[in-house]
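Engineer: The structure is given below, and queries will be raised subsequently.
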Amino acid sequence: MLICMRTTIDINEHLFRDAKRRATSEAKTLREIVECALRAYLSSNRQKAGAYSLRWRTETGRVQPGVRLDDRDALFDLMDGRS
């Protein structure tokens, strides 16, 4: 079952006029133009989401004086600036 939702959106006046002109020139309704644009926008974002690549980077270093890795609370206090 197809359910349509009625909503109100604020659109820039120039963008609205351009969309109305496009709808008229293509013999479509403004609703069809807006739905088509929204579908295109949402599908392009889906493709970008799958393109993520994790780049693992290692760092070398040493434990600073006064840092105790075996005491979580002391470590958090040190990171928060509460010696």
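The values are calculated or read from the model by the stated rules, or taken from the named source; none is laboratory data. Predicted model only: the values in this text are computed from it and were never measured. Neighbour counts are summed over all protein chains in view; Cβ atoms, including those assigned to glycine, are modelled from backbone coordinates with ideal geometry.
Engineer: Being aliphatic (A, V, I, L, M) and modelled with pLDDT under 90 is true for just one of ALA23, ALA37, ALA27, ALA51. Which residue is that?
Structural biologist: ALA51
Engineer: Further question: Can you go through LEU38, LEU54, LEU69, LEU75 and tell me which one is touching a Lys or Arg at 6+ places or on another chain (Cβ under 9 Å) and either surrounded by 10 or more Cβ atoms within 10 Å (Cβ to Cβ) or part of a loop (DSSP other than H, G, I, E, B) (or both)?
Structural biologist: Result: LEU75 is the single residue among LEU38, LEU54, LEU69, LEU75 that is touching a Lys or Arg at 6+ places or on another chain (Cβ under 9 Å) and either surrounded by 10 or more Cβ atoms within 10 Å (Cβ to Cβ) or part of a loop (DSSP other than H, G, I, E, B) (or both).
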